[in-house]
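Student: Submitted below is the structure of interest, expressed as structure tokens.
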């Protein structure tokens, strides 16, 4: 009999997927825009129809919206990853892929109709001006920033601006019960791709990469160098839930692990032209043990790294079958501030396999294939993964790998129980983080006596705080309707509360370190890396 979570969890992961998998790599066309977009009868027909509607139709019609619908309908006939980006979304998309934006450097909640600072970006403008967690931002220049129903997008726009421009803020500091003014100069604020990095064991580093943006390789190099200086001779690269990004960035990161002249991947366009990408001599982590973590939401550039290492018999891929996106996109400007991200080629791993899953039956069927993985049992057992002998390939050392529909890991780790995955979803939606913020906001001095190490190794979430979380959760309709057995999940919930406390009190690295204590894939890494010690610890 299926538990009540069986019907909730596939919906949650499908929603997360739909949000995350629309990012592709960039390649360069040799053709000029003029050559690509010359006039022909098909384009004339569309132009004439729009003109007729503009000038002759009986009612006034917003033809911009008609064009948007038309573009989307055309792209829907192509593949699931060729997408239209309206001009109002382009700025946000560009910032996300560039890896920074101009602002004052704060993370905030809209709490009881007021902007409440969760934390400041280290060494950012607000940090350097002394803003603290819990501060309320009341006014920016002449704009009042408090009041019900003020959308986050409006607030963000008032705090952003040109690099070097100043904004005068009126701040209320709750813990001191005082107001004060501060002038802050806006600056570039990084959007981190490296979510966390720390030493997993005395000789193994851990890096969590959440996407492949322009800044990702530089961030990765800083993290890797720091860990090597701390003694890392092995590495765990966590690409779970990473939807991909720029192809070139994935190639650079893969190059860190691959010896000179090893094939990383090759691409093939509609004319059969093949472009091959090879590793260089610059890799800083060649000939060292590496573990790559993937899951069903690891896509595109994440699969390039996993596939290139697997096909070259380097490292160990751990987790569950990846998403299966083997198409390459290029972003093209449409002239009015909007753009289209169009699939221009397929990519293949070094053994020659395409990991793109079938999309001939349309987008709905394409994404349903993903949720079907839950129902057909492949997230629980590697034996449930369907493979075709016609897509069988062999690595140089004789390992059998398969194309079509994602990277199958070398070592399989099943998904957690429905209840555990539901708690994970609640945590990923930020509900535990918000509870922790409200808890800290009651008295921010209650943890001031704890050093970072004291908190990591000695602090435990007590039953009183756990009980407060249950009461908080029961006050949220969507969670209350799940009828969670909180006490059956007590250890997991307490761990997530502690991790969220660490993030808001200290930094994201401590959050990851604490949260990963119960991580099944990381436990598998430790078991594979040193089975004797791991067995002794478990006993």
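The values are calculated or read from the model by the stated rules, or taken from the named source; none is laboratory data. Just so we're clear, the structure is a prediction, and the values are computed from it rather than from any experiment. Don't worry about glycine lacking a Cβ; one is built from the backbone with ideal geometry, like all the others, and counts go over all protein chains shown.
Residue by residue, here is whether (1) out of contact with any strand residue (DSSP E or B) (no Cβ under 7 Å at 6 or more places or on another chain); (2) loosely packed, with under 14 Cβ neighbours inside 10 Å; (3) within 24 Å of residue 245 (Cβ to Cβ) holds:
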{"residue": "321", "(1), (2), (3)": "yes, no, yes"}
{"residue": "337", "(1), (2), (3)": "yes, yes, yes"}
{"residue": "344", "(1), (2), (3)": "no, no, yes"}
{"residue": "357", "(1), (2), (3)": "yes, no, yes"}
{"residue": "372", "(1), (2), (3)": "yes, yes, no"}
{"residue": "387", "(1), (2), (3)": "no, no, no"}
{"residue": "412", "(1), (2), (3)": "yes, no, no"}
{"residue": "418", "(1), (2), (3)": "yes, no, no"}
{"residue": "431", "(1), (2), (3)": "yes, no, no"}
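Student: Taking the criterion of being over 24 Å from residue 269 (Cα atoms), under 21 Å from the mean Cα position of the chain (by Cα) and in a loop (DSSP other than H, G, I, E, B), would at least one residue in region 377-389 satisfy it? Before you say what the answer is, go through the steps one by one.
Tutor: Step one: filter region 377-389 for residues over 24 Å from residue 269 (Cα atoms), giving 377-389.
Checking the rest, the ones that are also under 21 Å from the mean Cα position of the chain (by Cα) come to 379.
Then drop every residue that is not in a loop (DSSP other than H, G, I, E, B), which leaves 379.
Yes, region 377-389 contains a residue that is over 24 Å from residue 269 (Cα atoms), under 21 Å from the mean Cα position of the chain (by Cα) and in a loop (DSSP other than H, G, I, E, B).
Student: Same structure again: Only one of 152, 181, 177, 170 is over 33 Å from the mean Cα position of the chain (by Cα) and touching a residue at least 24 places away in the same chain (Cβ under 8 Å). Can you tell me which?
Tutor: Of the residues listed, the single one that is over 33 Å from the mean Cα position of the chain (by Cα) and touching a residue at least 24 places away in the same chain (Cβ under 8 Å) is 170.
Student: While we're on this one: Quick one: which of 305, 317 is closer than 19 Å to residue 248 by Cβ, in contact with a strand residue (DSSP E or B) (Cβ under 7 Å, 6 or more places away or on another chain) and touching a residue at least 60 places away in the same chain (Cβ under 8 Å)? Spell out how you get there, then give the answer.
Tutor: On the way: 317 fails: closer than 19 Å to residue 248 by Cβ.
Answer to the check: 305.
Student: A further question on this structure: Which pairs do you get when a residue that is over 18 Å from residue 186 (Cβ atoms), found in region 93-112, comes within reach of a residue that is assigned to a strand (DSSP E or B), reach meaning Cβ atoms under 8 angstrom, with the pair 6+ apart or on two chains?
Tutor: 93/85; 97/245; 109/115; 109/116; 109/118; 110/116
Student: Go through region 88-99 and count every residue that is surrounded by fewer than 17 Cβ atoms within 10 Å (Cβ to Cβ) and within 22 Å of residue 166 (Cα to Cα).
Tutor: Counting residues in region 88-99 that are surrounded by fewer than 17 Cβ atoms within 10 Å (Cβ to Cβ) and within 22 Å of residue 166 (Cα to Cα) gives 2.
Student: From the list 506, 496, 449, 457, which residue is more than 20 Å from residue 423 (Cβ to Cβ), out of contact with any strand residue (DSSP E or B) (no Cβ under 9 Å at 6 or more places or on another chain) and in contact (Cβ under 8 Å) with a residue 40 or more places away in the chain? Steps first, answer last, please.
Tutor: Values: 496 fails: more than 20 Å from residue 423 (Cβ to Cβ); 449 fails: in contact (Cβ under 8 Å) with a residue 40 or more places away in the chain; 457 fails: in contact (Cβ under 8 Å) with a residue 40 or more places away in the chain.
Only one candidate passes the filter, namely 506.
Student: Tell me the strands (runs of 3 or more DSSP E) entirely within region 172-222 that contain at least 1 residues that are surrounded by fewer than 21 Cβ atoms within 10 Å (Cβ to Cβ). It would help to see each step written out before you state the result.
Tutor: Details: elements: 178-185, 187-190, 194-201, 204-209.
Correct list: 178-185, 187-190, 194-201.
Student: Sort out which residues of region 255-306 are in a strand (DSSP E or B) and either closer than 28 Å to residue 528 by Cα or touching a helix residue (DSSP H, G or I) at 6+ places or on another chain (Cβ under 6 Å) (or both), and write them in order of number.
Tutor: 263, 264, 265, 277, 290, 291, 292, 293, 294
Student: Does region 402-424 hold any residues that are under 21 Å from residue 348 (Cβ atoms), modelled with pLDDT of 90 or more and touching a helix residue (DSSP H, G or I) at 6+ places or on another chain (Cβ under 6 Å), and which are they?
Tutor: The first filter runs over region 402-424 and keeps only residues under 21 Å from residue 348 (Cβ atoms), leaving 402-410.
So of that shortlist, the ones also modelled with pLDDT of 90 or more come out as 402-403, 406-410.
Answer for region 402-424, where residues must be under 21 Å from residue 348 (Cβ atoms), modelled with pLDDT of 90 or more and touching a helix residue (DSSP H, G or I) at 6+ places or on another chain (Cβ under 6 Å): 402, 403, 407.
Student: Check whether at least one residue in region 316-337 is assigned to a loop (DSSP other than H, G, I, E, B), under 16 Å from residue 237 (Cβ atoms) and touching a helix residue (DSSP H, G or I) at 6+ places or on another chain (Cβ under 8 Å), and report yes or no.
Tutor: Yes, region 316-337 contains a residue that is assigned to a loop (DSSP other than H, G, I, E, B), under 16 Å from residue 237 (Cβ atoms) and touching a helix residue (DSSP H, G or I) at 6+ places or on another chain (Cβ under 8 Å).
Student: Still on this structure, I have one more. Please verify whether residue 310 is at pLDDT 95 or above, touching a strand residue (DSSP E or B) at 6+ places or on another chain (Cβ under 8 Å) and either in a helix (DSSP H, G or I) or under 27 Å from residue 92 (Cβ atoms) (or both), treating the condition exactly as stated. Give the derivation first.
Tutor: On the way: at pLDDT 95 or above: yes; touching a strand residue (DSSP E or B) at 6+ places or on another chain (Cβ under 8 Å): yes; either in a helix (DSSP H, G or I) or under 27 Å from residue 92 (Cβ atoms) (or both): yes.
Against the criterion (at pLDDT 95 or above, touching a strand residue (DSSP E or B) at 6+ places or on another chain (Cβ under 8 Å) and either in a helix (DSSP H, G or I) or under 27 Å from residue 92 (Cβ atoms) (or both)), residue 310 qualifies.
Student: Residues 111, 55: which one is out of contact with any strand residue (DSSP E or B) (no Cβ under 6 Å at 6 or more places or on another chain) and under 29 Å from residue 183 (Cα atoms)? Steps first, please.
Tutor: On the way: 55 fails: under 29 Å from residue 183 (Cα atoms).
Step by step, each of 111, 55 is checked, and only 111 is out of contact with any strand residue (DSSP E or B) (no Cβ under 6 Å at 6 or more places or on another chain) and under 29 Å from residue 183 (Cα atoms).
Student: Within region 125-149, track down each residue that is closer than 21 Å to residue 506 by Cα and in contact (Cβ under 8 Å) with a residue 24 or more places away in the chain. Spell out the reasoning first.
Tutor: At the first step, the residues of region 125-149 found to be closer than 21 Å to residue 506 by Cα are 125-136.
Of everything in region 125-149, those that are closer than 21 Å to residue 506 by Cα and in contact (Cβ under 8 Å) with a residue 24 or more places away in the chain turn out to be 125, 126, 129, 130, 131, 132, 133, 134, 135, 136.
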